[in-house]
């Protein structure tokens, strides 16, 4: 076992982990507050990434301009999705099924639209930070470091927002006792919209920051979303702490398997870990039922 | 201040309220007395928009609020302290109180409001960090009341404040409601026990099977033992 391999595995793991965490954070927020399993989360990722790509390639703006545009586009897309597909069925019987089908449908539509507008070729979104350094023979990209720092910072910001701000507390209030929240003059449906928009912004940011490393095509959002789903289930649906811990656990685990047993084992390895985990703790690491809601 | 006209409400397949007419004037304490299951909770829920009425009107300060959303009705100053308290269980006592002052204009004055409810229930201050779900039944009721008082309520609708409480706690709760009322608050209180409400009632309505069957000054109705017995048993 070489130092290089270990450093490679840790670096890759922490990088993957922060990416998974970032995607899972949005997914788990929406589940925790709205009880919506948003299978369009990957599509929102793609919307953010393509919006940034478009700003760079067609408007010839630098990535630092494209980044906020991508984030805003993803948030707006998520909010409109809430208005059109989620809001009408809120509180109705069949909410789970109809939103599941709707979000899958949105996902497919976004891929198809991206295919029509941008064609299936891989697009390159420039990194916010270029360049890299070598540590123990492993290339550490500055963009990768940025992704890790951004992800950790966003976990902290979301946590502080939910804990200490008026609107953040209102989100928790709505998730814990919806009727009482409305009697406290908290607009429940708008609060759902806020949560979904925040979640969309997080997915969009992930999309813009990751596309330089993984390239962008109409299906790019699918894998990050599946990984985020796994992370969310592993960490416990609705748990923010769970998303953070599980993101890093799974990222590092996958990375070690990949470095030492080859890429072919990475995904199966993760699934084996998940299966074992769910047998031991069916609610996930910090799942609702064992630990508190938002 | 609050006027209900011909209110009809109910749940899928069953009509609970069959045309309620009721008035609460400024700074007045109005009690709706009736046995369990006769529509007291439904009445309060229909007024504050949790259960959209099928017919009739609810007027507040001259505005028709019948079709308003519950959060908009609350923001206008009609504050409902619901049955079962409905606290935010995973939030602290302090956070529950803050949520009572959520409404924009109220939020900036939340510190002064906190001091006011601490005066009423001093333990809320000492145990602000405790999670609401770990409180006793009586403490929950006090917190629910205090949370409602954090708002800029113009009228309080309170659903059976004594439900499930021990006699001593019950006394404490009604004493604090009386303090609030003496501060000039209008009250609409649903109850099934005539003895509890003696100190804060100005006027009483008797509710039976979804209809208001009697109305009169508290002085008169609450002392009519024969009448009360025939309605409340």
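Laboratory data are not the source of any read-out in this text; all were calculated from the coordinates shown. The shown structure was predicted, so the numbers you read here are calculated from the model rather than taken from an experiment. Note that we place each Cβ from the backbone using ideal geometry, even for glycine, and neighbour counts take in every protein chain shown.
Using only the Cα atoms, what convex hull volume per residue in Å³ does the protein assembly as shown have? Don't skip to the end; give the middle numbers.
On the way: hull volume 92.7 nm³, N = 527.
About 176 Å³ per residue, rounded to a whole number.
For the stretch A:3-280, the spread of Cα positions along the three principal axes, ordered from largest to smallest, is 60, 50, 34 Å. Note the angle between two axes, namely the Cα long axis of helix B:137-149 and the longest principal axis of the Cα atoms of chain B, as a number of degrees from 0 to 90, rounded to the nearest 10. Helix B:137-149 sits roughly 90 degrees off the main axis of chain B. Among the residues of A:78-87, the average count of other protein chain beta-carbon atoms within 10 Å of the residue beta-carbon is 0. Using the Cβ-Cβ distance between residue A:281 and residue B:63 with R0 set to 45 Å, the FRET efficiency works out to roughly 0.30. Per residue, the convex hull spanned by the alpha carbons of the stretch B:2-232 comes to 119 Å³.
Once you reduce the stretch B:149-164 and the stretch A:39-105 to the center of their Cα atoms, the two points are 41 Å from each other. Expressed as a whole percent, the proportion of Cα-Cα pairs in the stretch A:51-114 lying more than 15 Å apart is 61%. Extension gain, residue B:175 to residue B:27: 0.36 nm times the residue separation minus the Cα-Cα distance gives 51.6 nm. May I ask for the angle, rounded to the nearest 10°, between helix B:167-182 and the longest principal axis of chain B, with both axes built from Cα atoms and the value confined to 0 to 90°? So the inclination is approximately 90 degrees.
Against the main long axis of the alpha-carbon atoms of chain A, helix A:266-280 sits at an angle near 40°. Under a Gaussian network description of chain B, with springs only between Cα atoms under 10 Å, the residue in B:191, B:202, B:61 that fluctuates furthest is B:61. Structural descriptor for chain A: relative contact order 37 percent, calculated from alpha carbon pairs under 8 angstrom and at least 6 residues apart. Residue by residue along A:183-195, Cβ atoms of other protein chains within 10 Å of the local Cβ number 6 on average.
Would you mind giving the mean number of other chain beta-carbons within 10 Å of the Cβ of each residue in B:71-83, as a whole number?
Working: counts 11, 3, 3, 6, 4, 1, 1, 1, 3, 5, 2, 4, 0.
Shielding by partners across B:71-83 averages 3.
The antiparallel fraction among DSSP beta bridges confined to the protein assembly as shown stands at about 60%. Can you tell which of B:33, B:212, B:156 shows the greatest fluctuation in a Gaussian network model of chain B with Cα springs below 10 Å? Of B:33, B:212, B:156, the Gaussian network model singles out B:212 as fluctuating most.
Highest GNM mean-square fluctuation among A:21, A:94, A:193, for chain A modelled with Cα contacts below 10 Å: A:94.
In the stretch A:146-204, what is the volume of the convex hull around the alpha carbon atoms, normalised per residue and reported in Å³? Don't skip to the end; give the middle numbers.
Values: hull volume 4.1 nm³, N = 59.
Normalising the Cα hull of the stretch A:146-204 by residue number yields 70 Å³.
Compute the distance from the alpha-carbon center of the stretch A:189-239 to that of the stretch A:240-287, in whole Å. Each part's Cα centre sits 18 Å from the other's.
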